[in-house]
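Report on the structure given below.
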Amino acid sequence: MLTEMHVENFALMENVRLNFKEGLTVFTGETGAGKSMLIDALGLLLGGRASTDFIRHGLEKARVEGVFENLPQGLAEKLEEEGYAPEDGQLFLYREINMNGRNGCRVQGRTVPLSLYRVLCQGLVDIHGQMEHQSLFNSETHCDLLDAFGGEELLQILKHVNEQAQNYRALLNEEKELLSSERDRVKREEMLSFQIKEIAAIEPQVGEEEELQLEKKRLGNHEKLLNLTTELYANLYQASQGQSAYDLLSGSLKIVQELGRYDDRLEELNEPLETIYYSLEDLIERIRSYQENLEFEPGRLDQIEERLIQLHRLRKYGLTVEEILKAKEEMEEELHRITHLQEGLEQLQNKKKHVLNEYKKWSALLTERRSAVAKKLEEGLHVELSSLGLEKSHFEVHFITVQEPHPGGAENVEFYFTANLGEPAKPLVKVASGGEMSRLMLALKSLLAKIETVGTFVFDEVDSGVGGRTIQKVGEKLAKIAEAKQVFCITHSAPVAAFADEHFGIIKETVGERTRTAVNRLDEQARIEELSRMLGGSADISLQHAEQLWRARNK
């Protein structure tokens, strides 16, 4: 349950600190005082949408903090698994909104991403706003409500049904692709076979084209290479006129050695000159070897040209030999799949049959359990609605069979209702008024409160559209739910507010040049005065009525 809440610079809430207890807590105030802000702030604390519109005008940030105790066991275990174990049984949550867009989320004082924050907040609070009972008009929500009423066991069966339905649909898509491939199989098989053979016949080798281009360049310039290497060799070793570089260097080395005999300082010239001499000797040998092996093979250039043309033909499969060989490998794999298509279809159909049987098994079990839960829901709602002044009403759960396997099971669910004896039940959207929908949602929540692990229920104007004696029934029902859950209720109804264990008044006030919303816990006298205001009418009569309500609820 929520024990503490601190709201700062959130809309008109400048600095609001609240402490809560178990039981039924109501919030009342004039229209526009800021009651909806409290719900928005709680929604933000629980991972809801963060908007800069929530930040108090002229300021840079807003924040909401909350402390929860008596956590549901499953949630406490999840927090511990994620490394955010409750401290002394308490969970600390923090949300911050900044004008610069850098919003913050903290759990147990540690910053977490919003996605994880939302997961860790699940199961803390069930907020029922004014729009939620409108969702009952949407039949797509009815199945979810029925399954929630069925509890964890039913939800686990539903999980198995959804898994098998998704598997079945995936197999259908795969089968569709295979059947499409079957129609084009022969044509595709012929094309793949031709392409694979074309690449295989040429047998491209990695690096081959680069080597051929180099060889082509050498052969195309054979005469120039021969002439230049002959000239180079002669200059270095066989000069016909004068001396070669080798002879000159050899003579220079002898001179240096002779000089060293007369001046020791010149001996240091000997080593570098020897290095040059032997390097030149090695270079000359390499030039000679290159020259001797510089052969010209007639017809080789034509062979290279032909081979390059063949390799260029394969460019349609890839720009490099690596890409071409990879394309060949992929084509071989595709050809194998196509060749064994029928075998694959048979295996796929066997899988599909198995998955379909599994789906039917689990969906049949789901239908059976849903039927039992639906009967229990119908009976429970009859009791709850009777206590809310709808004794003559009748509620039915209708199943609409779905033929094809799909997530959700073998049926859609729709709620039927009539508030009048002797009238047939019809879809909710056609027969229920706003007040009846409010009471129906309250009755559903009352039933769910008995099985849900959520510790805190929030009702935002659940009494909307309800009046007369029925409004007292609504207050009684909220008080009944509050015996097992912590319940917060925003209400405009004095009879409902009179049932509260705690009562907070929400007012809009002006301080200096600014308007702000304040939330104050009301003592006994203040509660009677607030009840009087809510009752309206002349001051004396309203005050007398308020005192009567207070005494009746607090005997």
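Read-outs throughout are calculated quantities, based only on the coordinates presented, and are distinct from any laboratory measurement. It should be emphasised that the depicted structure is a prediction, and the values quoted were computed from it without experimental measurement. Virtual Cβ from ideal backbone geometry, glycine too; neighbours counted across all protein chains shown.
Computed over neighbours whose Cβ is under 12 Å from that of LYS353, the net charge equals 0, Lys and Arg +1, Asp and Glu -1.
Taking Cβ atoms as reference points and 15 Å as the exclusive limit, the residues near GLY251 contribute a net charge of -3, counting Lys and Arg as +1 and Asp and Glu as -1. For the chain, the alpha carbon positions stretch 139, 76, 40 Å along the principal axes, listed from largest to smallest. With 27 Å as the limit on Cα-Cα distance, the pairs of LYS360/LYS450; LYS361/LYS392; LYS392/LYS473; LYS392/LYS430 that go past it are LYS360/LYS450; LYS361/LYS392. In sequence order, segment 408-416 has phi-based couplings of x, x, 8, 8, 9, 10, 9, 8, 10 Hz under the Karplus curve 6.51 cos²θ - 1.76 cosθ + 1.60, θ = phi - 60°, and Gly or Pro positions carry x. When +1 charges are put on Lys and Arg Cβ atoms and -1 charges on Asp and Glu Cβ atoms, the dipole computed for segment 1-95 relative to its Cα centre reaches about 440 debye. Working from label points 7 Å from Cα in the Cα-to-Cβ sense, the GLU267 to ILE287 distance is 3.4 nm.
The value of relative contact order for the chain, using C-alpha pairs under 8 Å at least six residues apart, is 22 percent.
Taking all C-alpha pairs of segment 199-337, those more than 24 Å from each other amount to 59 percent. Using the Cβ-Cβ distance between ARG110 and SER51 with R0 set to 22 Å, the FRET efficiency works out to roughly 0.35. Approximating the spin labels as points 7 Å out from Cα along Cα→Cβ, the GLU82-to-HIS222 distance works out to 7.8 nm. Between rounded, prolate and oblate, where does segment 423-555 land on the alpha carbon gyration tensor, with a ≥ b ≥ c its root eigenvalues, rounded for a/c under 1.5, else prolate if a/b exceeds b/c? Cα axes put segment 423-555 in the prolate bin. Packing, as the average of other Cβ atoms within 10 Å across residues, places the peptides 23-30, 196-203, 512-519 in the order 23-30, 512-519, 196-203, highest first.
With R₀ fixed at 22 Å, the C-beta to C-beta distance from PHE194 to GLU343 puts the FRET efficiency at about 0.40. In straight-distance terms, cross-link reach from LYS508 covers every one of the lysines whose alpha-carbon lies under 23 Å from its own, apart from those fewer than eight places away in the same chain; here that gives LYS35, LYS61. In this simple spin-label model, placing a label point 7 Å from the Cα along the Cα-to-Cβ direction at both GLN238 and GLU396 gives a separation of 11.5 nm. On full extension, the segment bounded by GLU404 and THR510 gains 31.9 nm, given 0.36 nm per residue less the C-alpha separation. By how many degrees, between 0 and 90 and to the nearest 10, does the Cα long axis of helix 321-339 differ from the longest principal axis of the chain? Helix 321-339 sits roughly 50 degrees off the main axis of the chain. Put a plus charge on the Cβ of each Lys and Arg, a minus charge on the Cβ of each Asp and Glu, and nothing anywhere else: the dipole of the chain about its Cα centre is then about 3220 debye.
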